[in-house]
Amino acid sequence: MSKQVLVVGLGNPGSRYRGTRHNMGFAVADALASDLGILLSRRHQGLTGTARLGEHTVHVLLPQTFMNHSGLAVAEFVRYSPVEYPEGLIVIHDELDLEPGVVRIKLGGGLAGHNGLKSIAHLIATQNFVRVRIGIGRPIDQSAVVDFVLARPKPEERVELDLAVQRGVDAVRDVIELGPERAMTQHNQRAR
């Protein structure tokens, strides 16, 4: 992994969206920042801060541009920072194709219709960055996806998603310290 790492948590700003399924990226990035003793402040169209993790400098960014325009904050950050992308970029996001609470790491590949990922890939002109995917499951009614992701989970789901936040933090730390391939081997074989 690059010595300068940018960890981006995807979500929507504001109290209306806090605790929703679509803000799982924010939840994990915020927990990582807390874990590393980072105080986030407004910069680069987001909330950001920096800390050391072993030999790595870790920058955490929560874009405040709303999900569909996340790439604006990411592109601005990488333009004015020493982060080498895509190898130094880790994006944490909610994933409809995984059961609630499941955490998986992915290197490059498709964007699965996720508008935050699409925005980032478009504005930095590559899809070859690491993703930490936090499972939120799918609604029974496929036409209700937007309402589903923007809603707060039921209490039984919330338990799984709260556990997934710490799993997500562990996954990000392992990507940084061990590299994406070793981290994928460790995390992608787990039941949860």
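The values are calculated or read from the model by the stated rules, or taken from the named source; none is laboratory data. Quantities reported herein were computed from a predicted structural model and do not represent experimental measurements. Because the Cβ atoms are built from the backbone with ideal geometry, glycine has one as well, and the counts that use them run over all protein chains shown. The area values use the complete protein model at the heavy-atom level, side chains included, leaving out ligands, DNA and RNA. Shrake-Rupley method; radii C 1.70, N 1.55, O 1.52, S 1.80 Å.
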For this session: For Kirkwood radius over Cα pairs in Å, several values are listed as [x] 17.4; [y] 18.2; [z] 16.1; flag the one computed from this structure.
Result: [z]
Exercise. So which trypsin sites (Lys or Arg not before Pro) in the range 32-75 end up in coil per DSSP with only 13 or fewer other C-beta atoms within 10 Å?
Worked result: none
Exercise. Among the lysines, which fall within straight-line cross-link reach of K106, defined as a Cα-Cα distance under 22 Å, with same-chain neighbours fewer than 8 residues apart omitted?
Worked result: K3, K118
Seminar exercise, completed: Rounded to the nearest 10 Å², the 1.4 Å probe accessible area of L161 is 0 Å²
Exercise. Over the range 1-119, what relative contact order in percent results from Cα pairs under 8 Å that are six or more residues apart?
Worked result: 35 percent
For this session: Run the 1.4 Å probe and let me know the accessible area of Y80, rounded to the nearest 10 Å².
Result: 150 Å²
Seminar exercise, completed: Once normalised by the length of the range 80-138, the mean sequence separation of its alpha carbon contacts under 8 Å that are 6 or more apart gives a contact order in percent of 57 percent
Exercise. Given a 1.4 Å probe and the protein chains all in place, what does the accessible area of V5 round to, in Å² to the nearest 10?
Worked result: 0 Å²
Exercise. When only C-alpha pairs under 8 Å and at least 6 residues apart count, what is the relative contact order of the range 47-186, in percent?
Worked result: 26 percent
Exercise. Add -39500 (n - 2.57) for each DSSP H run of 4 or more in the chain, then divide by its residues: what number comes out at 222 nm, to the nearest 500 deg cm²/dmol?
Worked result: -11000 deg cm²/dmol
For this session: First check a/c for the range 51-102, with a ≥ b ≥ c the square roots of the eigenvalues of its C-alpha gyration tensor; if it is under 1.5, answer rounded, and if not, answer prolate when a/b is larger than b/c or oblate otherwise.
Result: oblate
For this session: Can you sort V145, V132 by 1.4 Å-probe accessible area, starting with the largest?
Result: V145, V132
Exercise. Rounded to the nearest 20 Debye, what is the dipole magnitude of the chain about its Cα centre when Lys and Arg each give +1 and Asp and Glu each give -1 at the C-beta?
Worked result: 260 debye
